[in-house]
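Read-outs: derived from the displayed coordinates by stated rules, not from any lab. Worth saying up front: this structure is predicted, and the values here are computed from it rather than measured. Cβ placement follows ideal geometry from the backbone for every residue including glycine, while neighbour counts extend to all protein chains displayed.
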Amino acid sequence: MEHTEVNYAGFKVRLFAFLFDFILNTLTLAFLSIPLDPYIVQFPFILDGLVLFVLPWIIVLFWYIFGATIGKMIFKIKVVDSQTLKRPPIRRLVLRYFGYFICSFSAGLAYLDINHDKRKQALHDRMSKTVVIKH
């Protein structure tokens, strides 16, 4: 399939999807921490475990199963393999997730690549050989 046929998702729509997911994840973690509150005081690693291990796997599994997080679904965009435009292997989606952290070390400047790339890929997309498309 030629890349000229593909409608790549730009910076703005991806930012809105990310912000939606961020708010949703924050509210979900806050909601989950209410019944865990007595335990979190004694065992603070419980919340750390949710944030550092459970949440990343949920995000990666959403990308793998649905091609998108809830925010991406709402904005009708999804993550696909940059060559086949199909579901990427899970190992590349894990790499994509960790690529977010590398992009964050640049104070977010690595995300601005989206505006200057013909396939609207940020660093984490290029690392994982994925693109985000509108559907």
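In this calculation the C-beta distance from ILE74 to PHE105 is compared with R0 = 30 Å, giving a FRET efficiency of 0.60. Taking other residues whose beta carbon is less than 9 angstrom from the beta carbon of ASP117, and scoring Lys, Arg as +1 and Asp, Glu as -1, yields +2. Normalised by the number of residues in region 49-101, the mean separation of alpha-carbon contacts (under 8 Å, six or more apart) gives a relative contact order of 32 percent. A full extension of the chain between LEU29 and ILE65 corresponds to an added length of 10.8 nm, given 0.36 nm per residue minus the alpha carbon distance. Among complete DSSP H helices in the chain, those whose alpha-carbon atoms stretch at least 18 Å along the helix's long axis and whose mean Kyte-Doolittle hydropathy reaches -1.0 are 11-42, 90-105.
Close amide H pairs (under 5 Å, H built 1.01 Å from N) link ASP117 with no residue at least 5 positions away or on another chain.
The computed Kirkwood radius over Cα pairs in Å for the structure shown corresponds, within (1) 15.7; (2) 16.3; (3) 15.3, to (1).
Across the chain, the relative contact order, built from alpha-carbon pairs under 8 Å that are at least six residues apart, equals 32 percent.
For LYS76, LYS120, the sequence from fewest to most other C-beta atoms within 10 Å is LYS76, LYS120.
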